[in-house]
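The values are calculated or read from the model by the stated rules, or taken from the named source; none is laboratory data. This one's a predicted model, so the numbers in the text were calculated from it and none came from an experiment. Counting neighbours? That spans all protein chains shown, and the Cβs are built from the backbone with ideal geometry, glycine included. For accessibility, only protein heavy atoms count, side chains too; no ligands or nucleic acids. Shrake-Rupley method; radii C 1.70, N 1.55, O 1.52, S 1.80 Å.
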Amino acid sequence: MRSWSVPAVPDLPPVSETLELYDTTASTTVSTSSRRGVASLYVCGITPYDATHLGHANTYVHFDTLVRYWRACGLEIQYVQNVTDIDDPLLERATATGVDWRDLAESQTQLFREDMAALGVIPPTYYVGAVEMIPAVVEDVERLLDLGIAYPVEAVDAAGEDYYFDIAAAEQQTEWRLGSIGRYDRPAMEALFPDRGGDPDRPGKRDPLDPLLWRAAREGEPQWSGGELGEGRPGWHIECSVIARRHLPAPFTIQGGGSDLRFPHHEFSAAHATAADGRPLAEGYMHTGMVGLDGEKMSKSRGNLVLVSQLRAQGTDPQAIRTLILSNHWREDWAYTDGALRGAEERLTTWKSALRATPHRHDDAVSATDLQYALMSAMSGDLNSPAALHTLDLWAAGQISPKTSASDVRDVVMALLGIDLAA
Ligand code: 5CA
Ligand code: ZN
């Protein structure tokens, strides 16, 4: 699928910094200085029925900062992001609004592309829709069936059968254990499952938490050929498992998304992948904090959204949105307020005026490496973007790298933080 335009990213001299990142599965920070000069990343993309709210933007801007940091370390990046362009919430919204589900998905994906480009997010190497990957999903589900890790469940309202993943069989045959990715205990998983697309009460399932792999065609629903599975459409977790496995090495470096994906989504994407090919899906898992509004998680289903496109239409500088997002640590939950956005705007204005007051050339100019090191070492402990922004505050106050030329400062800040101080 088409992604979006690549922002200008100045090349910096590569520096070797190690990066500590908090890994959900390890419950601690781990060093991720990558081997073989390549770092690979999969970040779960949008379900395109109501894009792009600040929660989405928060996720993709923080992972963009990871990509920029890795680049500055001289690593080659392989980055994949999906679009869940077929799933229940998309179909429900299409039916409720009388729009064709394909038109809804395409229009919201296009809006997302425009928002990402405006926010200066570097596009993924591969941007892949679920619909494009259905033959590969069928292949993996058939393989799980052959291995005895998937099973059919009779569907009273369909001609064919639905297929589910057998948690117990996977635990017997693979190294994956329920809870090993999301790190929740069973009661917590049981509490989360029904609210996050799960169907614990479906008759015929072997374990209430077994997730859906393939849904048999229902009347009026889109459907694709599923080989021996019959007509139908993919479940959610197998989508990301398959897209990642077909585009990235196994295991790849980081699987990412918001913390609402710890369970069931990343738990089962990882389980499906390990069951299908015997290897773990990813080396580490990063989960960004949730953005809220008025005391609740911002979500399409609740409708309490601050949309990036709305802010842009009201004249908000996308760089201020980026500044607002980066002023929060990637793991932190935070709540949107107009006041916080105003604060980010003022901060950006201060940096921009400081840049305008910075000479293009100092007689005794120092190279940009100074500021680059200051920013990167601020971020090296768990990609600490608030510390990086604080470093910029110190630069604007003349306390750090006062001799770096204006164009060098602009390049370093643009490359590492995606903020253009000259714009
Ligand atoms: N298509 C699936 C992932 S495969 C999905 O979760 N789509 S989504 O549109 O609901 O969310 C897209 C991304 O934004 C996910 O990584 C999700 O974790 C993140 N996200 C959703 N809501 C919020 C929020 N309020 N705050 C922070 N991140 C959020
Ligand atoms: Zn996903």
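One line per residue, one yes/no per condition, for (1) aromatic (Phe, Trp, Tyr); (2) assigned to a helix (DSSP H, G or I):
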residue: Leu104; (1), (2): no, yes
residue: Glu114; (1), (2): no, yes
residue: Pro124; (1), (2): no, no
residue: Tyr127; (1), (2): yes, no
residue: Met133; (1), (2): no, yes
residue: Val138; (1), (2): no, yes
residue: Val153; (1), (2): no, no
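Let's see how each residue does on (1) within 22 Å of Gly257 (Cβ to Cβ); (2) in contact (Cβ under 8 Å) with a residue 12 or more places away in the chain; (3) within 16 Å of ligand 2 (Cβ to nearest atom):
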| site | (1), (2), (3) |
| --- | --- |
| Glu132 | yes, yes, yes |
| Val153 | no, yes, no |
| Asp199 | yes, yes, no |
| Lys205 | no, yes, no |
| Gly230 | no, yes, no |
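The residues in region 157-190 that are among the aliphatic types (A, V, I, L, M), exposed (fewer than 13 other Cβ atoms within 10 Å of the Cβ) and at pLDDT 95 or above can be counted, and the count is 1.
Scanning region 52-78 for residues that are polar (S, T, N, Q) and free of Cβ contacts under 8 Å to residues at least 40 places away in the same chain yields nothing.
Among all positions in region 210-224, there is no residue which is surrounded by fewer than 20 Cβ atoms within 10 Å (Cβ to Cβ) and more than 18 Å from Asp88 (Cβ to Cβ). Of the conditions (1) open to solvent by less than 50 Å² (accessible area, probe 1.4 Å); (2) more than 16 Å from ligand 1 (Cβ to nearest atom); (3) in contact with a Gly (Cβ under 8 Å, 6 or more places away or on another chain), Thr24 clears all except one; give me its number. For Thr24, the exception is condition (2). Of the residues Pro208, Pro200, Pro222, the single one that is over 27 Å from Ile254 (Cα atoms), touching a Leu at 6+ places or on another chain (Cβ under 7 Å) and modelled with pLDDT of 95 or more is Pro200. Quick one: which residue in Tyr69, Tyr42 is closer than 30 Å to Ala216 by Cα and either of a type in the set (Lys, Arg) or under 20 Å from the mean Cα position of the chain (by Cα) (or both)? On inspection, the qualifying residue turns out to be Tyr42. If you go through region 225-249 and keep only what is more than 9 Å from ligand 1 (Cβ to nearest atom) and open to solvent by 40 Å² or more (accessible area, probe 1.4 Å), you end up with Ser225, Gly227, Glu228, Glu231, Arg245, Arg246, His247, Pro249. Taking first residues from region 275-287 that are of a type in the set (Lys, Arg) and partners that are open to solvent by less than 10 Å² (accessible area, probe 1.4 Å), the Cβ contacts under 8 Å between residues at least 6 apart in sequence or on separate chains come to Arg279/Ala273. Given the residues Gly257, Gly284, Gly289, Gly303, which is the only one that is open to solvent by less than 10 Å² (accessible area, probe 1.4 Å) and either more than 13 Å from ligand 1 (Cβ to nearest atom) or over 18 Å from the mean Cα position of the chain (by Cα) (or both)? Gly284 is the lone residue from the list that is open to solvent by less than 10 Å² (accessible area, probe 1.4 Å) and either more than 13 Å from ligand 1 (Cβ to nearest atom) or over 18 Å from the mean Cα position of the chain (by Cα) (or both).
Every residue, every condition in (1) under 21 Å from Gln108 (Cα atoms); (2) more than 16 Å from ligand 2 (Cβ to nearest atom); (3) of a type in the set (Lys, Arg); (4) touching a His at 6+ places or on another chain (Cβ under 7 Å), yes or no:
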{"residue": "Val43", "(1), (2), (3), (4)": "yes, no, no, no"}
{"residue": "Ile46", "(1), (2), (3), (4)": "yes, no, no, yes"}
{"residue": "Ala57", "(1), (2), (3), (4)": "yes, yes, no, no"}
{"residue": "Asp64", "(1), (2), (3), (4)": "yes, yes, no, no"}
{"residue": "Arg68", "(1), (2), (3), (4)": "no, yes, yes, no"}
{"residue": "Arg71", "(1), (2), (3), (4)": "no, yes, yes, no"}
{"residue": "Glu76", "(1), (2), (3), (4)": "no, yes, no, no"}
{"residue": "Gln81", "(1), (2), (3), (4)": "yes, no, no, no"}
{"residue": "Ile86", "(1), (2), (3), (4)": "yes, no, no, no"}
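The number of residues in region 56-90 that are within 11 Å of ligand 1 (Cβ to nearest atom), small (Gly, Ala, Ser) and open to solvent by 10 Å² or more (accessible area, probe 1.4 Å) comes to 0.
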